[in-house]
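**Student:** Have a look at this one.
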Amino acid sequence: MSSSDVSERPRVRVENIGGIDSTTVELSTDVNVLTGKNATNRTSFLRSIMAALGSENASLKADADSGFVRLTIGGETYERRFERRNGTVVTTGDPYLEDPTLANLFAFLLESNEARQAVRQGRDLREIIMRPVDLDAIEAEIEQAEAQKRQLDEEIERLTETKSRLPELEGQRQSVQEELAATRADLEDERAALDETRAAASDDDDGELEAAVDELQRVRTELENVRFTRETETESIQRLESELADARDALSDLPDSLATDPAAIEAELTELREQRSALESATTQLQSIIQFNEEMLEGTNPEITSALTADAGSSAGGTGQSSPGEAGESVTDRLLEDDTSVVCWTCGSTVDAAQIESTIERLRSLRQEKLTERSDLRSRIDDRKGTLREAKNVQSKRERLQSDIDRTTTELEDRRDRLEELDDREDELQARVSDLESKVSDLETTSEDETLDQQKRVTELEFEVERLEAELESVESELSSAEADVETLDDRRAERAATADRLTDLRTRIDRIERESVEAFNQHMASVLDVLDYDNLARIWIEQTEETVREGRRHVEQSTFELHIVRQTERGETYEDIVSHLSESEREVTGLVFALAGYLVHDVHDSVPFMLLDSLEAIDSDRIARLVDYFNEYAETVVTALLPEDAAALDEDYTRITSI
């Protein structure tokens, strides 16, 4: 290997973490074997790597006030520091991962790994696989995509209807243009005739009649304009009254505001989240207690063990007598050789190891109960979040409808006031027209009667021209707007298709992850069983089934993973067994392969540079070697802790680390 390759190797520096005083270890980008007897800090070193990557499953050395782990990889350095403050260990620094969830579940495969425990304890395998998936975020995306799709559907429907109206609008424009041209021609003819009539009037006409006729023409024009405006206002009032009635009906159909108060639901959510936070804190504390006791039971915290055994030695020396077998043999040696008893780290007395293991198991059961409570709280929180979304939607609709009602009511009042003014003005103008007509009637002569009729006709035609010009302008504006809208129809259809594809992807994402997880487990389990060659174990596989579960106030169908064990007799007959009948070796292999399935499905190798393996003693040496080779095909860097006799079976080219 070149010097440049060596310089790029991952390097881990540890100070006062777990049972480690100080060490620096350089790893290869292949398989790294931490080999040694028990109580040689191999697990502490693995937990140090986990801490540098972002996990919280590491502890400060019991007799130290501060410590750190520093990881140098890819030219970058990441450090986590641990400091004891007021009896509590505070963690600071910048780890490699922002969120260690995937790594904790599928890359850090120590004995306490939840994927391995789920198989070992017969727990819900689907929950482990789906835990890294942000279901709330997917649900929010689905709701957003559905809303966008509905909006696009409405827009496309409107644009399609608009497109179908284009021929009608074009025909309407042509019809108005033709009518306007004809009316203008009639108006020119009538004006010419009126001018001829006026020119023929007698020379002694003092103009009083003409002035009266002109005034009558003006007043009639204004009267027609007022009538047209009044008709428009009446139509607008009718439309607004209909809209107001619809809005009030929609408002009355909404649920009672007291039952959908977002503030009350948010307060309830806050209380539920506080309960969940308290449970998470309790489970974290329990995990720390369990981890500490496991390390002490395994002998991976030598300082405390040494202190306890030293005290025990002093007590024995005080009597001046030696027990049989003690001569030339330290208490520590006897403790390590005796697998049935250990020194209690709380009182210093020697107790049965099984008694402590039983206590640890009860702590594990308590932690599992807390995890179940936390899961129930999550379900309640999800339910209330859905209710909160519905409440906010109802509140938003209520506010929008009330705003529409207020706006429409104000506009109606304004238009009704305007209509009253128009009615008064129409009455005034009608009275003025009657007065002027009486005046003209008194002044007119036979020839003047003809002038009056002609003038009336001219006035009517002028008003008709104005009306047709306004109508033409309105039709052309509507047609132009419709044509512009229709040009966007193809874009809206393409956008709708893309949104529908995204919605399909979101809706099937969970199903796809579940399906791929089952396929990955079944495929790799078959391959591993073939490689490890268990005598009567024919097949271990997961079946994906559906079950009805309660989700908030609803009952829904949810996928579940059912683990099947198939054995084969010496005569070749097969039968189905249960998980609890698996040997410890078979159970550990199954848990590891399940974790590998999650590792592959969630593409953990893209974000996590290491896969860590520990507590493989239940598997025989030859199978451990073949299993490590198999895992090495999928992880760039594997770090495994093995006893010397197990490490001897692995490929000689793998890096050995014998001192930590």
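The values are calculated or read from the model by the stated rules, or taken from the named source; none is laboratory data. Remember, it's a predicted structure, so these values are computed and weren't measured experimentally. Virtual Cβ from ideal backbone geometry, glycine too; neighbours counted across all protein chains shown.
**Student:** Can you find even one residue in segment 105-124 that is within 22 Å of the chain's Cα centre (by Cα) and not assigned by TED's automatic domain parsing to the domain that holds Val593?
**Tutor:** Yes, segment 105-124 has at least one match.
**Student:** I need every pair where a residue in segment 101-113 that is under 18 Å from Arg364 (Cα atoms) has its Cβ under 8 Å from the Cβ of a residue that is in a helix (DSSP H, G or I) and among the acidic types (Asp, Glu), sequence separation at least 6 or different chains.
**Tutor:** Asn104/Glu114; Leu105/Glu114; Glu111/Glu294; Ser112/Glu294
**Student:** Out of Glu231, Glu154, Glu215, Glu168, which single residue is farther than 30 Å from Ile513 by Cα and under 30 Å from the mean Cα position of the chain (by Cα)?
**Tutor:** Working: Glu231 fails: under 30 Å from the mean Cα position of the chain (by Cα); Glu215 fails: under 30 Å from the mean Cα position of the chain (by Cα); Glu168 fails: under 30 Å from the mean Cα position of the chain (by Cα).
Only one candidate passes the filter, namely Glu154.
**Student:** Sticking with this structure for a sec: Quick check on my filter: what residues within segment 569-622 are of a type in the set (Ser, Thr, Tyr), touching a residue at least 12 places away in the same chain (Cβ under 8 Å), over 18 Å from Arg120 (Cα atoms) and out of contact with any helix residue (DSSP H, G or I) (no Cβ under 8 Å at 6 or more places or on another chain)?
**Tutor:** Selection gives Thr569, Thr574.
**Student:** All but one of (1) touching a Leu at 6+ places or on another chain (Cβ under 8 Å); (2) closer than 19 Å to Thr459 by Cα hold for Asp189; which doesn't?
**Tutor:** (1)
**Student:** Among the numbered criteria (1) touching a helix residue (DSSP H, G or I) at 6+ places or on another chain (Cβ under 9 Å); (2) farther than 15 Å from Val14 by Cα; (3) assigned to a strand (DSSP E or B), which single criterion is violated by Arg84?
**Tutor:** Exception for Arg84: condition (1).
**Student:** State all residues of segment 102-113 that are surrounded by fewer than 22 Cβ atoms within 10 Å (Cβ to Cβ) and within 12 Å of Leu53 (Cβ to Cβ); if no residue qualifies, say none. Explain how you work it out, then say what you get.
**Tutor:** Initial filter on segment 102-113 (surrounded by fewer than 22 Cβ atoms within 10 Å (Cβ to Cβ)): 102, 110-112.
If the condition is that a residue be surrounded by fewer than 22 Cβ atoms within 10 Å (Cβ to Cβ) and within 12 Å of Leu53 (Cβ to Cβ), then Leu102 is the only one that fits.
**Student:** Is there any pair with a first residue in segment 30-45 that is of a type in the set (Phe, Trp, Tyr) and a second that is in a loop (DSSP other than H, G, I, E, B) whose Cβ atoms are under 8 Å apart and which are 6 or more apart or on different chains, and what are they?
**Tutor:** These pairs meet every condition: Phe45/Gly18; Phe45/Ile660.
**Student:** Taking Arg507 as the residue in question, decide whether it is closer than 30 Å to Ile138 by Cα, out of contact with any Gly (no Cβ under 9 Å at 6 or more places or on another chain) and part of a helix (DSSP H, G or I). It would help to see each step written out before you state the result.
**Tutor:** Details: closer than 30 Å to Ile138 by Cα: yes; out of contact with any Gly (no Cβ under 9 Å at 6 or more places or on another chain): yes; part of a helix (DSSP H, G or I): yes.
It is true that Arg507 is closer than 30 Å to Ile138 by Cα, out of contact with any Gly (no Cβ under 9 Å at 6 or more places or on another chain) and part of a helix (DSSP H, G or I).
**Student:** What number goes with the only condition from (1) within 30 Å of Phe561 (Cα to Cα); (2) touching a residue at least 40 places away in the same chain (Cβ under 8 Å); (3) within 26 Å of the chain's Cα centre (by Cα) that Gln148 does not pass?
**Tutor:** Every condition holds for Gln148 apart from (1).
**Student:** Hey, another quick one. What is the number of the single condition among (1) part of a loop (DSSP other than H, G, I, E, B); (2) on the phi < 0 side of the Ramachandran plot; (3) in contact with a Pro (Cβ under 9 Å, 6 or more places away or on another chain) that Ala39 does not meet?
**Tutor:** Result: Ala39 fails condition (2) only.
**Student:** Sticking with this structure for a sec: In segment 371-429, which residues are closer than 13 Å to Leu244 by Cβ and polar (S, T, N, Q)? Step through it out loud before you land on a result.
**Tutor:** At the first step, the residues of segment 371-429 found to be closer than 13 Å to Leu244 by Cβ are 401-413, 415-416.
Those that are closer than 13 Å to Leu244 by Cβ and polar (S, T, N, Q): Gln402, Ser403, Thr408, Thr409, Thr410.
**Student:** State the number of residues belonging to segment 50-79 that are without any contact (Cβ under 8 Å) to a residue 24 or more places away in the chain and assigned to a loop (DSSP other than H, G, I, E, B). Give the derivation first.
**Tutor:** Going residue by residue through segment 50-79, those that are without any contact (Cβ under 8 Å) to a residue 24 or more places away in the chain are 65, 76-77.
If we keep only those that are assigned to a loop (DSSP other than H, G, I, E, B) too, we end up with 65.
Total satisfying the criteria: 1.
**Student:** Follow-up. Could you list, ordered by first residue, the pairs with Cβ atoms under 6 Å in which the first is in segment 269-295 and under 17 Å from Asp383 (Cβ atoms) and the second is in a helix (DSSP H, G or I) and at pLDDT below 80, at least 6 apart or interchain?
**Tutor:** none
**Student:** Looking at segment 391-411, which of the residues that are at pLDDT 90 or above and over 39 Å from the mean Cα position of the chain (by Cα) is surrounded by the fewest Cβ atoms within 10 Å (Cβ to Cβ)?
**Tutor:** Thr410
**Student:** Read through the list (1) farther than 21 Å from Glu190 by Cβ; (2) loosely packed, with under 13 Cβ neighbours inside 10 Å, then give the number of the only condition that Asp485 fails.
**Tutor:** All conditions pass for Asp485, except number (2).
**Student:** Shifting gears a bit: Hey, could you check segment 26-37 for residues that are of a type in the set (S, T, N, Q) and farther than 13 Å from Leu616 by Cα and say which is modelled with the highest pLDDT?
**Tutor:** Restricting to residues being of a type in the set (S, T, N, Q) and farther than 13 Å from Leu616 by Cα, the top hit is Asn32.
**Student:** Do the conditions hold for Ile128, that is, is it closer than 23 Å to Met611 by Cβ, among the β-branched types (Val, Ile, Thr), in a helix (DSSP H, G or I) and under 20 Å from the mean Cα position of the chain (by Cα)?
**Tutor:** On the way: closer than 23 Å to Met611 by Cβ: yes; among the β-branched types (Val, Ile, Thr): yes; in a helix (DSSP H, G or I): yes; under 20 Å from the mean Cα position of the chain (by Cα): yes.
The answer is yes for Ile128.
**Student:** For segment 118-168, which residues satisfy the criterion of being loosely packed, with under 13 Cβ neighbours inside 10 Å and farther than 22 Å from Arg378 by Cβ?
**Tutor:** Ala147, Arg150, Glu154, Glu157, Glu161, Ser164, Pro167, Glu168
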